[in-house]
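Asks: One structure follows; several queries about it will come next.
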Amino acid sequence: MNTLKTQSLNFVRIGFMAGCALAFAAISHAQTTGIEVKDAWVRTSVQGQKATGAFMNITAKDGAKLVGVSSPVAGWGEVHVMKMEGDVMKMRAITALDLPAGKTVALRPGGFHVMLMDLKTPLKKDSTIPLTLRFKDAQGKESTLDLQVNVSTQAPGGASSGSMPGHMSSGQTAPHNPGMGHKH
Ligand SMILES: [Cu+2]
């Protein structure tokens, strides 16, 4: 009985400290230099659905790794890769996604993506959610990038790749700079 009480007290304290650390991180790393995120969107979810995917194009000018993701609407987030194994499409979590210098890495349905787990609320079309990405640079230094991501049923500008990028960038923190690096 006594032990139980001590444990739950410790738990409360750890939770509080984690909250402080998060708040501090958000302030001290508000400016992530050299990393650009475009065309970010997260797929709608329905009541009772536990997970959904988020997709975007990330360019790290000097190279970096995407090592973590979180959002207040989810219990936790993971970076996933989706691959065909035989005839079965499988996805698994990876601890780091390599972002080679100057190359745009696409997170999209069927490939790399962000998975938001243990959703706390249904994500409604045309709303936005906060999403925090955590990066590690070549020196191992961590930084975070806070985004507001549109909730949608499909990629910005439609399902095909031939449409105009930048069309939906309202509400995103990434600079409005359409066209760069897109091949048709
Ligand atoms: Cu996934």
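Asks: Could you please rank 125, 136, placing first whichever residue has the fewest other Cβ atoms within 10 Å of its Cβ?
Replies: 125, 136
Asks: Modelled label-to-label distance, residue 83 and residue 153, 7 Å Cα→beta-carbon offset: nm?
Replies: According to this spin-label approximation, the distance is 3.3 nm.
Asks: Could you put 59, 104 in order, starting from the residue whose Cβ has the fewest other Cβ atoms within 10 Å?
Replies: Ascending Cβ contact count within 10 Å gives the list 104, 59.
Every number in this text was worked out from the coordinates using simple rules, so none of it is lab data. These figures come from a predicted structure and were not determined experimentally. Neighbour counts are summed over all protein chains in view; Cβ atoms, including those assigned to glycine, are modelled from backbone coordinates with ideal geometry.
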